[in-house]
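Working notes, beginning with the structure itself.
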Amino acid sequence: MTTYKIKIKTGDRLGAGTNANVEIVLFDGSGKHTKPAKLDNWFRDDFERGHVDIFTIKDDTNVPEVTEIKLRRDTAGLFSDWYVDQVEVMNKNTKITSVFPVLRWIRPNVDLFIARHDTFLPQFDPRPQQRNAELQEKRSLYEYEEKIPGLPVQVKNVPEDEVYSISKKWDIAAKKLRLRTEKGLDKIFGCGPWKTFDDLTSVYSSYFKRPKAVDDWKSDESFGWQRLNSVNPNLIYLCKEIPTKFGVTEDDLASFLEGLTISEAISKKRLFLIDLEILDGVTCFKEYVCPAPIALFFVNDKGQLVPVAIQLFQQKGPDNPVFLPSDPPNTWLFAKMWYNVADTSYHQSVSHLGCTHLLMEGICIATNRCLSPSHPMFKLMGPHFLYLIAINEVRKSRQCLLTATVL
């Protein structure tokens, strides 16, 4: 007689817990398996949402190393639906533990086979019929719809698997409560306009940690560091020539290239450009302005990337000067701040809203429709889709994700 310890984690989502009768069968990969064993701890409410339950079963068959399990449930009880996160099985004789990442709803009166680690390319999946059945169900749940002409597709109806988990909702509520307790919300929204830099930095507390940039944000080194390590590190590129629309001259840069001419700095690959032309002509709220800057950066002898010229709008001209580090300190500082206005606008509208929310929702739908949960690419991409559709749905319902067409 062999004893097995079975640990099952029920998922943390609405309706995940079950009152149904649950059975498990253990396999060793050679065809040898245990008898179906009912999982039930007396005088205990098993399989509650978000809980971990431990069971001990005994069987005449010795499976030294469990390589596959079969789960099955019925429709008994008031709530029979069941979502399982993970199953661990240990043979107490051999002390070998096998982990089975289920991450699925267990359908009633249907055998669900899960291999250890549950990762297969389609051509190697030993259960192709189960795989195809799962995909058919996913395709009925994840349907495309072009809700707004010209924008990426969205999910027609939000599947239950995409809504916030219960713990996530409580986590959000707890953070709101903590902010109110620390008067964080009052500091941000309730004290009128910020008039000094100290007013702005006062929002940082034990909840909002004080960022590194607070202490050196004015320096050129910090400004250059942001281009490589902040929200848009993909915008900068090697300068091979100065664009004709950029009004910077050799004389302008003479003091900042450490004795090099522009052509010498280019040949040594020490000049870099960022051109936010995509923001040119963007619609803004009345009395607001969004620059579309061009900025030139130089790698100095210390290996630091520093700005050497900023033009805030696209076409050079007498009303569109090139700002330089030799300008009065506040003039140069404001030029960098206006550049950051554009950088933030690009990040929020293109990188964040466009690529992270709108575009990725369609990719999330396609992944669920085309890749089995057992596919290695699904395993890799799935965590990055967590709550993506749920967040988009909340924003759409509040009309603040898709209806804003201005900056």
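Of all residues in segment 10-31, which are surrounded by fewer than 16 Cβ atoms within 10 Å (Cβ to Cβ) and either in contact with a strand residue (DSSP E or B) (Cβ under 6 Å, 6 or more places away or on another chain) or within 19 Å of Met90 (Cβ to Cβ) (or both)? Of everything in segment 10-31, just one residue is surrounded by fewer than 16 Cβ atoms within 10 Å (Cβ to Cβ) and either in contact with a strand residue (DSSP E or B) (Cβ under 6 Å, 6 or more places away or on another chain) or within 19 Å of Met90 (Cβ to Cβ) (or both), namely Gly29. If you go through segment 42-84 and keep only what is surrounded by fewer than 16 Cβ atoms within 10 Å (Cβ to Cβ), farther than 16 Å from Leu103 by Cβ and of a type in the set (A, V, I, L, M), you end up with Ile54, Ala76, Leu78. In segment 35-49, the residues that are closer than 22 Å to Asp60 by Cα reach residues that are in a loop (DSSP other than H, G, I, E, B) and open to solvent by 100 Å² or more (accessible area, probe 1.4 Å) with C-beta atoms within less than 9 angstrom, at least six apart or across chains, in these pairs: Lys35/Asp60. Restricting attention to segment 67-86 and to residues that are of a type in the set (A, V, I, L, M, F, W, C) and in contact with a Lys or Arg (Cβ under 7 Å, 6 or more places away or on another chain), the residue that is farthest from Ala20 (Cα to Cα) turns out to be Val84.
For segment 76-84, the condition of being without any contact (Cβ under 8 Å) to a residue 60 or more places away in the chain and touching a strand residue (DSSP E or B) at 6+ places or on another chain (Cβ under 6 Å) holds for none of the residues.
Among the residues of segment 112-144, write down those that are among the acidic types (Asp, Glu) and surrounded by 13 or more Cβ atoms within 10 Å (Cβ to Cβ).
Once the filter is applied, which keeps residues that are among the acidic types (Asp, Glu) and surrounded by 13 or more Cβ atoms within 10 Å (Cβ to Cβ), segment 112-144 yields Asp118, Asp125, Glu134, Glu143.
Evaluated against (1) assigned to a strand (DSSP E or B); (2) without any contact (Cβ under 8 Å) to a residue 40 or more places away in the chain, Ile69 falls short on exactly one condition, (2). Cβ-Cβ distance below 7 Å, separation of 6 or more or different chains: which pairs start in segment 235-250 with a residue that is of a type in the set (Lys, Arg) and end on one that is outside any loop (DSSP other than H, G, I, E, B)? So the pair list comes out as Lys240/Ile266. All but one of (1) more than 21 Å from Cys239 (Cα to Cα); (2) surrounded by 15 or more Cβ atoms within 10 Å (Cβ to Cβ); (3) modelled with pLDDT of 95 or more hold for Cys290; state the number of the condition that does not hold. Of (1) more than 21 Å from Cys239 (Cα to Cα); (2) surrounded by 15 or more Cβ atoms within 10 Å (Cβ to Cβ); (3) modelled with pLDDT of 95 or more, only one is false for Cys290: (3).
Quick grid of which residues meet (1) touching a residue at least 24 places away in the same chain (Cβ under 8 Å); (2) of a type in the set (A, V, I, L, M); (3) crowded, with 16+ Cβ neighbours inside 10 Å; (4) farther than 30 Å from Gly281 by Cβ:
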{"residue": "Asn330", "(1), (2), (3), (4)": "no, no, no, no"}
{"residue": "Met360", "(1), (2), (3), (4)": "yes, yes, yes, no"}
{"residue": "Ile365", "(1), (2), (3), (4)": "yes, yes, yes, yes"}
{"residue": "Ser374", "(1), (2), (3), (4)": "yes, no, yes, yes"}
{"residue": "Leu388", "(1), (2), (3), (4)": "yes, yes, yes, yes"}
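Just so you know, in segment 225-244 the residues that are of a type outside the set (Val, Ile, Thr) and over 20 Å from Val341 (Cβ atoms) include one that is surrounded by the most Cβ atoms within 10 Å (Cβ to Cβ), and it is Cys239.
The residues in segment 245-282 that are open to solvent by less than 30 Å² (accessible area, probe 1.4 Å) and part of a strand (DSSP E or B) can be counted, and the count is 3.
Applying the criterion of being closer than 17 Å to Lys38 by Cα and aliphatic (A, V, I, L, M) to the residues of segment 85-111, the residue that is surrounded by the most Cβ atoms within 10 Å (Cβ to Cβ) is Val89.
Selection of segment 376-386 for residues being open to solvent by 20 Å² or more (accessible area, probe 1.4 Å) and part of a helix (DSSP H, G or I) yields Pro376, Met377, Phe378, Lys379, Leu380, Met381, Gly382, Pro383, His384.
For segment 309-325, name all the residues that are at pLDDT 95 or above, open to solvent by less than 80 Å² (accessible area, probe 1.4 Å) and not β-branched (Val, Ile, Thr). Passing the criteria: Ala309, Gln311, Leu312, Gln314, Asn320, Pro321, Phe323, Leu324, Pro325.
The values are calculated or read from the model by the stated rules, or taken from the named source; none is laboratory data. Just so we're clear, the structure is a prediction, and the values are computed from it rather than from any experiment. All Cβ positions, glycine included, derive from the backbone under ideal geometry; neighbour counts span all protein chains shown. Only protein heavy atoms, including side chains, enter the accessible area calculation; ligands, DNA and RNA are left aside. Shrake-Rupley method; radii C 1.70, N 1.55, O 1.52, S 1.80 Å.
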